[in-house]
Each structure stands twice: as structure tokens, then as C-alpha cells.
1. Any idea what % of Cα-Cα pairs in the chain are farther than 31 Å?
2. Among the aspartates and glutamates, which have Cα under 19 Å from the Cα of LYS333 when same-chain residues fewer than 8 positions away are ignored?
3. Treat each spin label as a single point 7 Å out from the Cα along the C-beta direction, and report the SER291 to ASP153 distance in nm.
4. List the trypsin sites (Lys or Arg not before Pro) in segment 187-258 that DSSP assigns to loop (not H, G, I, E or B) and whose Cβ has at most 16 other Cβ atoms within 10 Å. Which are they?
5. Using 14 Å as the cut-off for backbone N distance, which residues of segment 274-304 belong to the label zone defined by a point 7 Å from the Cα of ASP197 along Cα→Cβ?
6. Among TYR110, THR311, LEU175, whose Cα projects farthest towards the positive end of the dipole of the chain, with charges put on the beta-carbon of Lys, Arg (+1) and Asp, Glu (-1)?
7. Among the trypsin sites (Lys or Arg not before Pro) in segment 1-101, which ones are in a DSSP loop with at most 14 other Cβ atoms within 10 Å of the Cβ? Mind listing them?
8. Under 16 Å between alpha carbons, and skipping anything fewer than 8 positions from LYS52 in its own chain: which aspartates and glutamates qualify?
Amino acid sequence: MRQPAHGGNLAWAAALAGCPPDAILDFSASISPLGPPNSAIAAIQSQIGNLKHYPDPNYSDLRLALSHFHQLPPEWILPGNGSAELLTLAGRELAQLAAVMLITPAFGDYYRTLAAYNAKVLECPLSLVISHTLREAAKASTSLIADRQKTKDKGLLLNNPHNPTGKLFSRDSILPYLEQFALVVVDEAFMDFLPPDEEQSLIPVVQEYANLVILRSLTKFYSLPGLRLGYAIAHPDRLAKWQLWRDPWPVNTLAAAAAIAAIQDTEFQQQTWTWLPPARSQLFQGLTSISGLHPQESAVNFLLVESKQATSQLQQQLLKHHQILIRDCLSFKELGDRFFRVAVRSESDNQRLLTALKSVLSAEY
């Protein structure tokens, strides 16, 4: 079976480990272990009877709920079949520009969607030096972009918080890009993991910039990857054009109902913001204590870890002997076989991973 380019491929992992997929402890997909919320499950159950009907093609209730959640008019929001569908639409538009700049290492799907429309890609490396502060890293990437000339006919595609490093860029560090580029697409798939007093979303300023597109996902925070639901926030004229480009009814009835319930579940949101910092600290400190591993500080629910041992071998050893799946970084060409990424899970799951890593690595030395 082919090596997966994404995390969460339990069929591939189970085949390698020789066990059922549900026996795999998955650290490869950065999904919250707290969900899905009970409110979302109840909403899904309440809509079973409506499966005999087509969804509302305009998703009026969902857009209205999202508009209340973000304090925006509904026409500024477009739900999609996961943020991946919306990324493809953004890629089509970005490819119409002279070139698209990526801050690298970059999520593999960015290359996929840009290649699909034959976009010219310019890469701008983000320093991975662990001693850099987040502010220094942001300044470094800003200066690199500023050195490029004639960006007015180019696009910029970046994510904040950054995947796979987990770095958070301040809103102020991104705002200058909106004056420099023809189109700026900001993927905020992991922004939900920051509580309101810490998050750096560009949603509060989106109505000021017709060249800004924000992509959001309900997959990570609410643990709903199987439902495939995300949304774009951008100028209504742009979203109306995207609507004409895509197939009808991209969001199913169950996904729409779950999304409405999830974003209104303030208890679940607060539970997540309370759980994450200590769980992330436990995992970070545990990884730091293991010889040969060097985790990087992260603002979200995953950690990027540098390893002295080839991580593809480490991944296979963890699967075969401990039924644990970590995310190798082979799809990030700048990282290759020197890094792996792990999601933050429950305290007991985190400890199981740490124990397995110690066992595997001690056997290698």
C-alpha cells in the first residue's frame, strides 16, 4: 500500500502494523481527542429523517449561524466540503496571477491545488532554527518577502498558525502583505485552538480588504474530519464567482447540522482551551527529555520534532511494536526524514507515546 501524504491514514498504518485500524493510536492527524461534541452528534441524529431531501443549495441556516459566530454578514461566508474544496477554488484564482508565493515548509495540498492550475510558485523559506522566537521568525519571513520585487501582480498563500511548525504569526505581521499582493489567502485551519484573547485571526479586518481570503476548518478543533466541512470568508463578489465554479450541494445535510451545533457549543470550546496548554506542555517536556529528540514550541495542538534517527524508520518501529502512528514529514521537502509531527492527545495517550519512543530509541543506541 502506498505511503500516505497526509496524516490519519489508518488503513495504511494497520496494514503495516498487522492489526485492525481501530487498534492504532493515531498521533499523525492533528485532531482534537475531545470530540466530536455531543451537541454535534445530537444534531446529526436529529437530521436523519431529512436525508430524503436535498440540502438547501444556499446553506442559509449554516451561513447565518457562521455569520453570528464571526459577526459578519452571511454573504461574506461560503461553506464547503472541507477547507480542501475551498483551497482548490482559491488555487484556481491564485493561478491566474503572475506567480504565487508560499512560505515553506508548506502543507502539501497547497502544491496540489497550485499544480492543478499550472500556477508559478515562488518559495520563501521560514527559518526552523529552534532558538528563534516567534516574532523573530515572523520578521525573517517578512523581510524575505519584502525583498521580492513587483508583488502587486502576485498572490500569497500561507497558513496561520503555521503547519507543520506550529508557529503563530501576529495579525500585525500579516497585514502588510495585503498592501503588497494582489491576492492573499490565509489558511486558519488551526486558529480555533487559540482562545479569543490569544488568537490572531484576520477575520476582524476581512471587510476592509477585497483581496483577502480566509479559509477555516471544522475538522481539527471539533474532531469532525469524516464529515468534511470548512468555509471561506471573503468579499461576496469573489464567493459568488466561486459558487459558479463548483458542483451543487457540496455540504451534506448532516455536516451542516453538526456545524451549526458545534460552533454554538461554548462549553466544548472552553473545555478545549482548558485542556490543550497542560497536555501540550506534558508532551513537549516528555519529548525534550528523550535523547535524540528536539521538539519545537507550538501554539496549537501538534508538535514538530527533530530526530537524530530517520523518522520513517521510527514511524515503522512504532507501528510494528506499539501500534502507534506518528506523522513523518517526507511530504515537506525541506524537512525530509529528519522531522516528525505528533498531535497532542490525552495525558494517558501522550504518556503511551513517550514510553514507546523511549523504548524504540533506546534499542537503537
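Quick note: the coordinates plus some simple rules give every number you see, no bench work behind them. A quick note: this is a predicted structure, and the numbers were derived from the prediction, not measured. In this analysis, Cβ positions are derived from the backbone assuming ideal geometry, glycine residues included, and neighbour counts consider all displayed protein chains.
1. Working: 23392 of 66430 pairs.
Result for the distance tail: 35 percent.
2. LYS333 reaches ASP109, GLU123, GLU306.
3. 5.8 nm
4. Working: sites: ARG216, LYS220, ARG228, ARG238, LYS241, ARG246; in loops: LYS220, ARG228, ARG246.
Loop-located and lightly packed - ARG246.
5. Output list for this probe position: 274.
6. Of TYR110, THR311, LEU175, it is THR311.
7. Working: sites: ARG2, LYS52, ARG63, ARG92; in loops: ARG2.
Qualifying residues, ordered by number: ARG2.
8. Of all the aspartates and glutamates, none pass the test against LYS52 - Cα under 16 Å, at least 8 places apart if same chain.
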